[in-house]
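Report on one structure; see the data block that follows.
FYI, it's all coordinate maths here, none of it is from the lab. Fair warning: this is a prediction, and the values are worked out from it, not measured in the lab. Cβ placement follows ideal geometry from the backbone for every residue including glycine, while neighbour counts extend to all protein chains displayed.
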Amino acid sequence: MHELNPHSLPKETGWIEVIAGCMFSGKTEELIRRLRRAKIAKQIVLVFKPKIDTRYSVDEIVSHSEQSLPSIIVETPQEILELSKDAQVIGIDEAQFFSKEIVEVCNQLANDGKRVLVAGLDQDYRGIPFEPMPQLLAIAEYITKTLAICVVCGNPADKTQRKIISAERVVVGASDIYEARCRKCHYLPEEN
Ligand code: ZN
């Protein structure tokens, strides 16, 4: 995985890092790892997630491997801007569930000199780009694409297979509903 080199980080400016990938690819783990390092360096860190994600915990971000970090639940991107005035480092998890205003909010935070770390699903269960992630990837200085391992064939996987049939784009769940698949093994549930 691409590692940010702390000796070549920008100075006297903010920037945006995006961690994008399918479910079970370690996005949240990677986000937590970077935020923890910032905390150890005594930087003021705030973590946000959208209201929709109640998978494991209401006020923490939690990876599938059960690492966690306290987080603030917000309904709109604007709230992140209002709450982040004193923060130096902003973490945002499950960014695909925010409205498109998150793009402008991330830009504003970075323009104000803050380091902004954003993690999210880059594709929905059909393999279609999950807005606003494409826009966030376009404006970020640093991009990490995390890959999982296909549960069928063991190839690197970047697709989220939904195991139930639903017309909804968002069905909250974990390994009971989803698994990681490669391009070859991914299919639309309604096609089978
Ligand atoms: Zn496969």
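Within region 173-191, the residues that satisfy the criterion of being near the ligand (Cβ under 9 Å from one of its atoms) and farther than 26 Å from residue 32 by Cα are 183, 184, 185, 186.
Restricting to region 150-172, give me the number of residues that are away from the ligand (no atom under 11 Å from the Cβ) and either acidic (Asp, Glu) or on the phi > 0 side of the Ramachandran plot (or both). Total satisfying the criteria: 1. Pairs meeting the criteria (first residue in region 166-188 and free of Cβ contacts under 8 Å to residues at least 40 places away in the same chain and more than 20 Å from residue 98 (Cβ to Cβ), second residue of a type in the set (Val, Ile, Thr) and more than 16 Å from the ligand (Cβ to nearest atom), beta carbons under 7 Å, at least 6 apart or on different chains) are 177/164; 177/171.
Can you go through 127, 154 and tell me which one is more than 26 Å from residue 81 (Cβ to Cβ) and surrounded by 15 or more Cβ atoms within 10 Å (Cβ to Cβ)?
127
Residue 118 - would you say it is free of Cβ contacts under 8 Å to residues at least 40 places away in the same chain and surrounded by 14 or more Cβ atoms within 10 Å (Cβ to Cβ)? Here the answer is no, as residue 118 does not meet what is asked.
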